[in-house]
Amino acid sequence: MSIRAKLAWTFILLLIFGITAISSYSILFIRNYLLEVGEQQIVNDSEWLAITIQNLRMDDHFETNLNEAARTSGYRIAVFDENGELFAEVPYHEPSYAPDEIRGDIRGVLSLNEVNWLDDPQEGEMMRTITMIDAEHNPARYLHVSIFKDQIYEPIRTIRWIIYTGMFISIGLVLLVSILFSRYISRPILQLESAAHDIADGNVERTLNLDRKDEFGRLATSLNRMAERFRADNQEMKKLYEKQSQFFADITHEIRNPLHTISGSLEMLQLDNLEEKQKDHYISTATRQTERINRLFKDLMTLQRYDSDSYFIEKRQFDLCGVIRNVVDLYREEAEKKGIDVHYEQRSHEVIADPNKIEQVIENLISNAIKYTNEGRIDVRVTDGKEMVEVEVADTGIGISDEHLGRLFDRFYRTDKARSRDQGGTGLGLAVVKSILTAHGSDIKVRSNPGKGSVFSFELPAA
């Protein structure tokens, strides 16, 4: 059963039960009320009739006047003398009860002015009362007034039909309102269900436009936000998939080339008539390519640890100047071969970081600066701040154009692929730099003018 049908039947059954209960209670209440009013009314009317009868004279008009009183009041009237003998009754009917019973009631069995019920086997149940008459002009001493119970309840028949008619009309309206209301309530639920189903099936472009301020509106907003989040996640996953595909393609390419070179060098070394100079050349080539593969896997291990190891860095206090000096000494010979002067800050600067990882950052930055600088100088500057120490590696090299700055720190991205491979680059150096500094809560910044050089900078917490 659909939720619309469940809602409709719930409202219908509840309202029908409520209407029926109220109608039944109303009829019962009116019956009891009419009975109470009838008992009080027969007592009051008996007193009024007793006063009327005691003033009647015993003549030819006595019975006519008595009939008029009975017709006007709507009761059955029986008049008894002081001995309990019936001498007048209107309207007249053959009694189905023993006269002795009435006389017994008059003699004290039934108290005066007390309402009592008499069950007539032929005509039904009657309400009755006996009132004393103090008459001077006629022998009347007791007035017996009675009325059938059906006469008292006669107005209830009309009222019952009115109530039943109203009840059926109300039930019809309830059916109509319940169906309309269930549709109104279930419409947003069905829309939400449809949207959730579409989103679950992958249709993250589905949106809900419910202009409501209630819980349905808030739920629709949540579903829209969820779909938007899924769209963003899908886009991110597509980007990650593309990067991953490119990543594996680049790894394959980076490994395949040096392996081919090593394989070719080993084949040449197997020749019998190879000169010593050529042997040294092929051995040197194979060694360089082996070192290139070693650097590639070293950088990959660094990036893998950054992605998965929460203890990627181990911070402690150390002198930044000593780390810079070690790196400069390592690359000084290579820089001098290209005629590049390397200058660095020799004053002590205490920072809190992972010294090994920071040394790797500075090594990659100085190595890149030497690769892309044909002449001029490289400056490693350190500036103390209140809380942070800024490190800059500036060169006078070829610089970087704006089109490459956005992807400069992507893995395996090169501004000049052919040149980088010739010089033994892996395309991971700047990605490693960014990963290490991100793990330190810092960031790498770059400023560059094509043809004039580049400046890479980052900050570390001062000790």
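The values are calculated or read from the model by the stated rules, or taken from the named source; none is laboratory data. Just so it is clear, the structure is predicted and the values come from calculations on it, not from any experiment. Note that we place each Cβ from the backbone using ideal geometry, even for glycine, and neighbour counts take in every protein chain shown.
Can TYR92 be described as in the same structural domain as ALA140 (by TED's automatic domain parsing), in contact with a Leu (Cβ under 9 Å, 6 or more places away or on another chain), at pLDDT below 75 and not in a helix (DSSP H, G or I)?
no
Which count do you get for residues in the range 333-373 that are over 24 Å from ILE400 (Cα atoms) and among the small types (Gly, Ala, Ser)?
Adding up the residues that qualify gives 2.
Would you say SER442 is within 26 Å of ASN356 (Cα to Cα), modelled with pLDDT of 80 or more and not β-branched (Val, Ile, Thr)?
Yes: the conditions hold for SER442.
Check GLN346 against each of (1) modelled with pLDDT under 85; (2) polar (S, T, N, Q); (3) closer than 19 Å to GLY441 by Cα and name the one condition it does not meet.
Just one mismatch for GLN346, condition (3).
In the set MET127, MET167, which member is more than 27 Å from LEU86 (Cβ to Cβ), crowded, with 17+ Cβ neighbours inside 10 Å and touching a residue at least 60 places away in the same chain (Cβ under 8 Å)?
MET167
Report, by residue number, each residue of the range 263-299 that is acidic (Asp, Glu), assigned to a helix (DSSP H, G or I) and either farther than 30 Å from GLU363 by Cβ or more than 60 Å from the chain's Cα centre (by Cα) (or both).
Those that are acidic (Asp, Glu), assigned to a helix (DSSP H, G or I) and either farther than 30 Å from GLU363 by Cβ or more than 60 Å from the chain's Cα centre (by Cα) (or both): GLU267, GLU276, ASP280.
Condition test on GLU236, is it within 35 Å of the chain's Cα centre (by Cα), modelled with pLDDT of 70 or more, closer than 30 Å to ASP354 by Cβ and of a type in the set (Asp, Glu)?
The answer is yes for GLU236.
Can you name the residue in the range 51-85 that is among the hydroxyl-bearing types (Ser, Thr, Tyr) and closer than 20 Å to THR129 by Cβ and is also surrounded by the most Cβ atoms within 10 Å (Cβ to Cβ) among such residues?
TYR75
Report whether or not ILE171 is more than 36 Å from the chain's Cα centre (by Cα) and either part of a helix (DSSP H, G or I) or modelled with pLDDT of 75 or more (or both).
No: the conditions fail for ILE171.
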